[in-house]
1. Relative to the present Cα-Cα distance, how much length would full extension add between Gln569 and Lys486 at 0.36 nm per residue of separation?
2. R0 = 51 Å: FRET efficiency of Glu34 with Thr241, Cβ-based, nearest 0.05?
3. For the ranges 114-123, 429-438, 374-383, 497-506, what's the packing order if you count other beta-carbon atoms within 10 Å of each residue, average per peptide, and put the highest first?
4. Quick one: accessible area per residue over segment 375-440, 1.4 Å probe, rounded to a whole number of Å²?
5. Would you list which lysines come within 30 Å of Lys417, measuring only between C-alpha atoms, while excluding same-chain residues fewer than 8 positions from it?
6. If the cut-off is a Cα-Cα distance under 24 Å, which lysines reach Lys160, setting aside same-chain residues fewer than 8 apart in sequence?
7. Taking 0.36 nm per residue of sequence separation and subtracting the Cα-Cα distance, how much length would be gained by fully extending the chain between Leu120 and Cys471, in nm to one decimal?
8. Quick one: net charge of Leu310's neighbours, Cβ under 11 Å, K/R +1, D/E -1?
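The values are calculated or read from the model by the stated rules, or taken from the named source; none is laboratory data. Note that this is a predicted model, so its numbers are computed, not measured. Because the Cβ atoms are built from the backbone with ideal geometry, glycine has one as well, and the counts that use them run over all protein chains shown. All accessible areas refer to the heavy atoms of the entire protein, side chains included, with ligands and DNA or RNA removed. Shrake-Rupley method; radii C 1.70, N 1.55, O 1.52, S 1.80 Å.
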Amino acid sequence: MTARTPERHAPTTSEFLSAFRDFVLRHHNDQITEILLQADHTCPYGVTINVLDLADRLNEMSSLLLQDAERLLPVFDEAIKQAATEVYRDQSSIGSEEQRMVWKPHIRARLSNLPICPELTRTTLPRNEDVGKFLSITGTIIRATTVKMLEYERIYTCKKCGKSVTVQADPEQFNAIPIPPRCGASPDAMRGDDGPCDSTKFEITDARGGDSGASSGPNLMCRDYQEIKVQEQVSRLAVGTIPRSIFVILEDDLVDQCQAGDDVTICGLVIRRWMPLRPDVRCDLETVIKANHVRVLNARNQGLAITPELKEEFVEFWRKNAHAPLSARNRILASVCPQVFGLYIVKLSVLTVLIGGVPRWTEGGTRIRGESHMLLVGDPGTGKSQFLKYAAKLITRSVVTTGIGSTSAGLTVSAVKDAGEWTLEAGALVLADGGVCCIDEFNGIREHDRGSIHEAMEQQTLSVAKAGLVCKLNTRTTILAATNPKGQYDPDESLSVNVALASPLLSRFDLVLVLLDTRNAEWDRVVSSFILEQRDQPQRKVAPPPSGPSSSQAAAVAAGATEADDGQQLWSLEKLQAYIQYVKTLAPT
């Protein structure tokens, strides 16, 4: 007979609690010690736990976290408090008076860095089948409410037997705290009664145990509360897809960590929320995320990871072409917007503007912007829109819009009334903070709406005073705009007259290029031949210079293209993105 292997019993909650407490004491002792040394004991604090480290050491617990997060998250919070208690008891008497530990009652576990897999890390918003799962999503904040005070727990006392009943706020019911339907106290808790208490009358008890009406002190049953609205990143969606948005609940130390326009990665629990009940109206449900950890992704070099191998490849590329730097430059320029023939000057300008400069601060604290702005003025059919669309692909954080129909609120920020409260919803320039904002048909913006972007272009900030909300938002973005001239372009007139834009707005563009259709037959022949060859050979190599165009525009393009090396493969879009990120890390002196 074969011996039976004993079945492994599922770990209990107390075993999980003990294991996670030991894990925190072993790997996050310094973080807890730093929190206990803080002077303010009323503020909430969070201990950041790397889920990948947790999976390496407590595999069974991490698997249960992903399957039953609603049950395990309170266990993590309790384990953090027990670990803090041990650290406080062991080390509170050590150190000087200046470094004496103070007990913090509000410490919570914050889980971050989930494994990168489709089941856990999403670029699109969760759906109904994801309810109850612990997920990580990345998106852009388009709305942030003001910080409120949330009563998360209430104590009711039965008027008949005096038993206290604690009721938690239900996030699925918009944090409503219902009155218990019946007391139900056992006969042992009764006074001179044989059966259980069936009273339905209760009174609210203060957190300190007294009558709530007689208390004027702080209520310990409240915490900070905020909601943000997160939208899917347009750059990660398929063409033609309308981005969706979802509300995210922030509590305690997570509030006020981000604002409208920020890119964030949120780890949290997906829950359902019932809309308020109204007579004769169908009650709807909505999906929300109760955040456990928030990470803001606003760094300038945020995007593709530059590996040491890739960095060495770029350094080697310029080392090999040290004797002919213009040839190496033109090879990179030929890879920018390859569907447009020639126009090396325009491609060089677009690439230079996207890379940008280095911001400076004066001794008085004034910031001098490092982002450049570029305006393309040209006749229809000269490829302006193609450059704008390709620039949006090169930069991870980008917004594409048109001037026709764009209002001041759509470009900057709008005030939206939601559930009786005014909030700010970010516009195109705020959403493109740290990236590029491409505006086509720039002259289509109405005259009274153009003045709203003056401050955003020069000071890189946006001062808002709407509906009683006064604040300042960052718009550290590069603006790449395109416009048609007013009628036929007249070289004898000034640029302001040709494009019908005021001088104060034109002066904020660091680079203005004029593209004219000169109606040259030889140039048209070369361009049409290039289009036909590109159709037959999609994987085009660096094109040789055009032969014999007689116009000045074709000559300039030929001069730029003569330095290109024939027969060399173009750089891919991903390689160009990595190169731009690499160049942004360089700090010129």
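1. Stretched fully, the Gln569-Lys486 segment lengthens by 25.9 nm.
2. 0.70
3. Result, highest mean first: 429-438, 374-383, 497-506, 114-123.
4. 33 Å²
5. Lys148, Lys229, Lys290, Lys466, Lys472
6. By straight Cα distance, Lys160 reaches Lys201.
7. So the chain would gain 122.8 nm between Leu120 and Cys471.
8. So the environment of Leu310 carries a net charge of -3.
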